[in-house]
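Notes to accompany the following structure.
The values are calculated or read from the model by the stated rules, or taken from the named source; none is laboratory data. The shown structure was predicted, so the numbers you read here are calculated from the model rather than taken from an experiment. FYI the Cβ positions are ideal-geometry reconstructions off the backbone, even for glycines, and counts take in every protein chain you see. Each accessible area value is taken on the protein alone, full model and side chains, heavy atoms only, with ligands, DNA and RNA left out. Shrake-Rupley method; radii C 1.70, N 1.55, O 1.52, S 1.80 Å.
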Amino acid sequence: MTTSRGAGHQALSRRLGLTDAVGIGLASMLGAGIFVVFAPAAARAGSLLLLAVVLAGALAVVNASSTARLAIRYPRAGGAYVYGRERLGTPWGHLAGWAFISGKIASCAAMALTIGVHVLPGWSKAVAILVVLVVLALNLQGIERPARVARAITLAVLVVVLTFVVVLLMSPPVTADAPPPTPPGSGGWWGVAQAAGFMFFAFAGYARVATLGEEVVEPRRTIPRAVAICLGVVLGLYVLITVALGRTLGAGWVAAREAPLAEAAEISAWPWLGPMLRIAAVLAAGGALLALTLGVSRTVLAMARDRHLPPVLARLEGPHRVPRRAEIVVAGFVIVMIVLVDLRGVIGFSSFCVLVYYAIANASAWTLDDGWLGRAVAAVGFIGCLLVAVLLPWESVLAGAVVLAIGAFIGWVRHTTRE
């Protein structure tokens, strides 16, 4: 088993309070998902979309509880890659890291495509590829999104979306045509589970709070409170959006859209909210894409240092000492996904991989000596993640299973060979 870093490891300063942790968490969660994920979720759940939102939120709460407890025990970068390695063994840590990288590369593609459908719908893939290249250029120069900018964007998104919800509920739009019927085959427990899998994509990012254990003041108190506040705010916002869209336009109308919030705003009593929401989507998704590509490349760097990936990807180059090769490889795979898969496909694939990642995190939390309640939470999270993952559309499940199987085979063979 790979050991933790030696005595030369320097601890980060504890300078973040509760407000800072909440700001970071909300900035990580309110990215692309809020602007696009309601469409594929509505196509699966139909009129039961609200139930799917609550189910996804509950699963996120359980996962956050497990990762928060692990983050306090192992306050190092890497997330479940570290937790799985330390608690379950090196091969499981490798699988968690591979699942994270695969799922988050798909998330990056989804964010870029979100920008595309909000800027130039007919040329969304071309716009998405251009956005990825711009982000790559910024990353290679060592440019990161400042925390204060992230918090400002998050506050603006919250204000615009809440205004949209109020306008939609107080003055429902009148469409020229009859609303589309509920998608055939939607609804039922299967449809709700699939929709919850899509909605889980919109909750991704809360784990960022759980990894702040080494940087926050009084982490045992601050982290659980920050996670609870972030999830409460986001879940409440998603419930309001679901109610507003469902009561005024219906699941069939939402399911047929690429950018449901912006398109609904454009036919509302305040049509100028449509362009505002498109701008908010570009800012939120662009900022999240910049941060997420950095996070993925750093996980690639960590796995390359541990020789779970080619060591050449661990090289730091240039005046800014950034992992250029890892950055380029990540951007390349993101572009491949943009070219080959549509927006709903990359969301499904991302959700499958990330759910497997959190299943390993919950399995790791099960081994902690935290009493029966901690183990019960971990067990519910483990079973829930795997169940929702396998009930996603079969295309997402098949693609995700093949990619994770290849990663597991490569990692486990390399580990066995070294042993």
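Details
- Solvent-accessible surface ranking, highest first, for LEU18, LEU392 at 1.4 angstrom: LEU18, LEU392
- Under-5 Å amide H pairs with VAL322, H placed in peptide plane, nonlocal only: GLU317
- Förster-model FRET efficiency, 22 Å R0, GLU218 and ARG73, C-beta, rounded to 0.05: 0.90
- Between ALA269 and VAL339, the simple label model (points 7 Å from Cα in the Cβ direction) yields a spacing of 4.9 nm.
- Phi-derived couplings, Karplus 6.51 cos²θ - 1.76 cosθ + 1.60 at θ = phi - 60°, listed residue by residue for region 241-252: 5, 4, 5, 4, 5, x, 6, 9, 10, x, 5, x Hz, with x used for Gly and Pro.
- P(r) tail fraction, region 315-419 - alpha-carbon pairs more than 19 Å apart, %: 62 percent
- Percent accessible area from carbon and sulfur atoms, region 279-358, protein chains only, probe 1.4 Å: 67 percent
- HN-Hα J in Hz across region 222-228 - Karplus 6.51, -1.76, 1.60, θ = phi - 60°, x for Gly and Pro: 5, 4, x, 5, 5, 4, 4
- Probe 1.4 Å, protein heavy atoms only - accessible area per residue of region 237-287 in square angstrom: 36 Å²
- Most tightly packed first, judged by the mean number of other beta-carbon atoms within 10 Å of their residues, the peptides 382-390, 289-297, 223-231, 396-404 read 289-297, 223-231, 382-390, 396-404.
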